[in-house]
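To start, the structure under review is shown below, and the notes come after it.
What follows draws every value from the coordinates through simple rules; no lab data is involved. If you're wondering where the values come from, they're calculated on a predicted model, not measured in any experiment. Neighbour counts are summed over all protein chains in view; Cβ atoms, including those assigned to glycine, are modelled from backbone coordinates with ideal geometry.
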Amino acid sequence: MPGGGSLYLETKNVFMDDNRFKPYINTSGNFVKISITDTGVGMDEKTKERIFEPFFSTKEMGRGSGLGLASVYGIIKNHNGFINVYSEKGQGTTFNIYLPSFAQKGSRDKSKRSENDKELAKGMETILLIDDEPVILKVESEILRTLGYTVLTAESGKKAIEIYRQSQNTIDLVILDMVMPETGGSEVFGELININSNVKVLLSSGYSLNGEAEKIINRGCVGFIQKPFTIHEIASKLRNIIEKKDKDYHSLLD
């Protein structure tokens, strides 16, 4: 962060489903998730694709070997975990590390059964899902339809604004990706508020809840969920938001 900034660390226990997170993991189970986020200069796509390669570095000759992230990747893989990265130029970077949690014999299977047996909270409302990545849009829309929702999709901020302007009376909630090209999440949220000041927007991002995401939340979003999320996580989050009677939505961010 050459111009200064903030560094955020976050840890949480998560249950990972191998059907949802292939090819990253080969088995379901409990993982410890470690998120490291900075508000620095970020990376473009070409740089992001190569950051885990040995000897790849953006530093000047003699200023770095390029082995740091390659070593991190190797250590995590050797511990049967995985790491992913979210970054955009000028938006900062988030690394999410997932490591299998240690548990006494039998407790992991018990936890897996408990999560799988938990009844999913379903609904019948209409949701506008906004994300510029086709694969994510497809997977998340399938999850929402499995939960009983009617889903409208938009692959860009401009398209999302157009859909909401035409169908605002039938849309109960909007799930908004924070970082998108051309018209970003912050701008889209502003336009939605202008159309309907009571719009319910759930912010979704690979970044942790800080920096730009926190700014959008403070402007009136009703909740935040970090990608990738499980079907149980989004099911619970949606019902909490939709069924909330008062306006104290910030209590739903945890």
Listed here are the pairs Lys46/Lys227; Lys77/Lys122; Lys48/Lys122; Lys89/Lys122; Lys89/Lys244; which of them are more than 32 Å apart at the Cα? Lys77/Lys122; Lys48/Lys122; Lys89/Lys122; Lys89/Lys244
Taking only the alpha-carbon positions of segment 152-208 as identical scatterers, the Debye log10 I(q)/I(0) at q = 0.26, 0.30 Å⁻¹ comes out as -1.13, -1.49
Rough spin-label spacing in nm, given labels placed 7 Å along Cα→Cβ, for Asn13 and Lys122: 2.9
Hey, rough spin-label estimate for Ser197 and Arg239, points 7 angstrom out along Cα→Cβ, what's it come to in nanometres? 3.3
Quick one: Karplus J couplings for segment 170-175, per residue in order, coefficients 6.51, -1.76, 1.60, θ = phi - 60°, nearest Hz, x for Gly and Pro? 10, 8, 8, 7, 10, 9
Just to verify a number: FRET efficiency for Phe56 and Glu133, C-beta to C-beta distance, R0 = 41 Å, to 0.05? 0.95
